[in-house]
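In what follows, a single structure is set out as structure tokens and then discussed.
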Amino acid sequence: MSGRMLVTGGLGFIGSAFVRALAADGQAVLNVDAGTYAGDERRLAEVGGGLVETVQMDVCDPGLADLVRNEGPPLVVHFAAETHVTRSEADGETFFRTNVEGTRRVLDAALAAGAGRVVHISTDEVYGPCPEDPFREDQKLPGEGLATSAYARSKAVADDLAASYADRLAVVIARPTNCIGPWQHPEKAIPRWATRALRGERLPVWGDGLQVRDWMFVDDAVSGLRALADRGEPGTAYNLGPAGEAVPNVEIARMVARAAGAGEDAVYLSAYDRPQHDRRYAVSTERVAALGWAATRTVADAVAETVAWYRDHADWWQTLVPDAERLYAD
């Protein structure tokens, strides 16, 4: 693709993995990132060749429009978001500002600049909890729908907002499942369990531990997003996930414990449980499979590879753990 791609939130966990993959293929990127606690320049420190330029800017900043217009990118990939459900419990206003208003400003800027395509990164949580068959893309309800947390509700509204631009802008919506892998902040479940296990601490699992999520290795998510950027149908939403590897949270925690060399007795059920703790998320991936994409790692391999990375990179996460642990009531 000629010209620099524009990525928002490219210092975040998934965004940085996407930028690293593009740079590895020689693609130049302009990265717009607010530089919050969730962004970390170290995630892109090894990218060489002058391929990536990072501009520190909030996507809600009025200056975004001029930046995007001056760049004239062929592709905008919008990752920038507040994403941590636990933080959203106490600060929902910030989540709606960044995730909804920020998305509107990115879309307006892309439209004014004549961007060739926009990929909006949503989430499988926009559907709400799944009681029956995995959700198809057309089963998302309007607005907040059945989404529960402030994070999920804000992303559900942003999802609809992105779709509303489809008559003026080539927008593709990606709804990935939970992602894991290197460089994820230890406030999130699997890196939290991994860093606790590697420190010899116990691994708390909320409620009865039978909640189910689909876990996808971040490199698989990146390959899926690149497929959507290349050949996704404009105006269309696509679920991205590992196609039905449903494993309860408590078993995921046991996988982490085993991979870290701890006994399964390190895992325990906490007296604390998340408010409105959704029982199950599940999505159909038939639509993206028709584009020739599928996740390549099993959940067991993804967990093992993730834990191995945290074992080898304690110098990165050790300073982040105190702030992450202060979030929790368990």
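Every number here is computed from the coordinates shown, using simple stated rules; none is lab data. Here the structure is a predicted model, which is why all the values come from computation and not from measurement. All Cβ positions, glycine included, derive from the backbone under ideal geometry; neighbour counts span all protein chains shown.
Sparse packing (at most 15 other Cβ atoms within 10 Å of the Cβ) combined with a DSSP loop state is found for the following GluC sites (Glu not before Pro) in the range 6-55: Glu46.
Count neighbours as other Cβ atoms within 10 Å of each site's Cβ, and list the trypsin sites (Lys or Arg not before Pro) in the range 266-330 that are DSSP loop with at most 16 such neighbours.
The qualifying sites are Arg279, Arg326.
For the chain, DSSP calls about 5 percent of its internal beta bridges antiparallel.
How high is the relative contact order of the chain, given as a whole-number percent (alpha carbon pairs under 8 Å, six or more residues apart)?
17
Return the calculated 222 nm mean residue ellipticity for the chain, to the nearest 500 deg cm²/dmol, obtained by summing -39500 (n - 2.57) across DSSP H runs with n ≥ 4 and dividing by the residue count.
Per the formula, -10000 deg cm²/dmol.
Computed on the Cα atoms alone, the convex hull of the chain gives a volume of 119 cubic angstrom per residue.
Using a/c under 1.5 as the rounded threshold, could you call the range 1-102 rounded, prolate or oblate? The axes a ≥ b ≥ c are square roots of the C-alpha gyration tensor eigenvalues, and prolate needs a/b larger than b/c, oblate otherwise. Since a/c reaches 1.5 but b/c is at least a/b, the shape of the range 1-102 is classed as oblate.
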